[in-house]
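Here is the structure we will look at.
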Amino acid sequence: CESCKQAVPGDCPVVYADRAGYSRQWHPACFVCCRCSEPLVDLIYFWKSGAAWCGRHYCESLRPRCAGCDEIIFSEDYQQAEGLAWHKKHFACLECETLLTGKPFALANASLLCTTCSQSRV
């Protein structure tokens, strides 16, 4: 098994990944996403950089995910702050919904607040 390195008995089912080549095999329970360990046997998987990926993490490896709506951002026009990304329309205050592009803001636990709402929470 590519994952656990244990022998696979002849009567045990195995998983082959076409893009990995038929020389590689896994126990069904060992065929998991390289990022989150989600079992991939009954799911669509992606092969990248020599590893199997679930759909969520494969997409995240290509494009950022919006901290506001949790969807992949396909546009090249998005806002970034402190390692997170937002669709432009979701880069807004959590309390009053004021768009924050070009304005001062506070960021706590991936929650955006305008300076007015941030000060009112203190």
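The values are calculated or read from the model by the stated rules, or taken from the named source; none is laboratory data. Not measured: the values here are computed from a predicted model. No Cβ is skipped: glycine too gets one built from the backbone with ideal geometry, and neighbour counts run over all protein chains shown. Surface accessibility is based on the protein's heavy atoms, side chains included, excluding ligands, DNA and RNA. Shrake-Rupley method; radii C 1.70, N 1.55, O 1.52, S 1.80 Å.
Highest mobility in the GNM of the chain, judged by mean-square fluctuation with C-alpha springs under 10 Å and restricted to S49, S37, S61, is found for S49. Across the stretch 66-120, Cα-Cα distances exceeding 17 Å account for 28% of all pairs. Computed with a 1.4 Å probe over protein heavy atoms only, the accessible surface of the stretch 15-61 comes to 61 Å² per residue. What residue among S61, C12, Y45 has its Cα farthest toward the positive end of the dipole of the chain, where the charges are +1 on Lys, Arg and -1 on Asp, Glu, each on the Cβ? Working it through, the farthest residue towards the positive pole turns out to be S61. The modelled label-to-label distance for the pair R24/E76, using points 7 Å beyond Cα in the direction of Cβ, is 3.3 nm. When both the stretch 2-17 and the stretch 83-122 are represented by their alpha-carbon centers, they are found 49 Å apart. Thinking of the stretch 15-61 as a set of Cα atoms, what percent of all their pairs are more than 18 Å apart? Here the long-distance tail beyond 18 Å is 17 percent of all Cα pairs in the stretch 15-61. When +1 charges are put on Lys and Arg Cβ atoms and -1 charges on Asp and Glu Cβ atoms, the dipole computed for the chain relative to its Cα centre reaches about 240 debye. With the Kirkwood sum run over all distinct C-alpha pairs, the chain has a hydrodynamic radius of 17.3 Å.
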